[in-house]
Structure formats: C-alpha cells, structure tokens
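For reference, the structure discussed in these notes is given below.
The values are calculated or read from the model by the stated rules, or taken from the named source; none is laboratory data. Source: prediction; values computed, not measured. Counting neighbours? That spans all protein chains shown, and the Cβs are built from the backbone with ideal geometry, glycine included.
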Amino acid sequence: MHTYHFDIGDSTLGPIGMCAQIRARCKKDALARLRRAIRDATGPLKEISVGRRGSVSEYVNVYIEPDNLTSSDIDFVEEGANAK
C-alpha cells in the first residue's frame, strides 16, 4: 500500500483549500477511496456544514464535487513497505 496526498485548492492563495491523505494500492484506487470518503462525509447536496445552531453565523456550507477530483490532484506519493 502507498500513501497518496491530494492537494486541492490553496488557502494561502485563495479562500479555500483542502488536502487528504489516502492509503491505497494505486492512483485509481486512491481517487476512488477519496471520492467515497467525501460522499460518506457530505450531505445530499455534497456540502459540509460548519457552525452550530444559535451561533452568530446563519450558516457556512462548503460544497465539494467528488467527481471533479482527478489523479492530477495528487501532489506526492509515499511508497509503502510492501510496494511492488
């Protein structure tokens, strides 16, 4: 297994950034696992809600489209001990 690091967006240059580290056998598997993780973590509109009821913000929703992620979003790979 390898560790694939995804770097999507850049919060030092823009308002939103995201990164993920996924253990998988290959890039294709890593991409599928990340997409599945995002689908499992988001609501029906593919959003992550930030904040609490009764807080000063009405709402903060961050929308993520997992189908738009590609293997080009992988910025580095750490080879696993059992790599072939």
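Filtering segment 52-69 down to residues that are of a type in the set (A, V, I, L, M) and in a loop (DSSP other than H, G, I, E, B), which residue is farthest from D7 (Cα to Cα)? Going through the qualifying residues, I end up with V56.
Within segment 45-67, residues that are among the polar types (S, T, N, Q) sit with their Cβ atoms under 6 Å from residues that are part of a loop (DSSP other than H, G, I, E, B), at 6+ positions apart or across chains, in these pairs: S57/G51. Within the option set E65, E78, E58, being surrounded by 11 or more Cβ atoms within 10 Å (Cβ to Cβ) and either among the acidic types (D, E) or out of contact with any strand residue (DSSP E or B) (no Cβ under 9 Å at 6 or more places or on another chain) (or both) holds for one residue only, E78. From the list R36, R53, the lone residue that is surrounded by fewer than 15 Cβ atoms within 10 Å (Cβ to Cβ), of a type in the set (K, R) and within 12 Å of the chain's Cα centre (by Cα) is R36.
Before we move on, is T42 within 13 Å of the chain's Cα centre (by Cα) and polar (S, T, N, Q)? For T42, the condition - within 13 Å of the chain's Cα centre (by Cα) and polar (S, T, N, Q) - is met. Just one residue in the set A81, A24 is at pLDDT 90 or above, closer than 25 Å to M1 by Cβ and of a type outside the set (D, E, K, R); that residue is A24. Restricting segment 1-33 to residues that are touching a helix residue (DSSP H, G or I) at 6+ places or on another chain (Cβ under 6 Å) and either without any contact (Cβ under 8 Å) to a residue 12 or more places away in the chain or outside any strand (DSSP E or B) (or both) leaves a set whose member that is surrounded by the fewest Cβ atoms within 10 Å (Cβ to Cβ) is K27.
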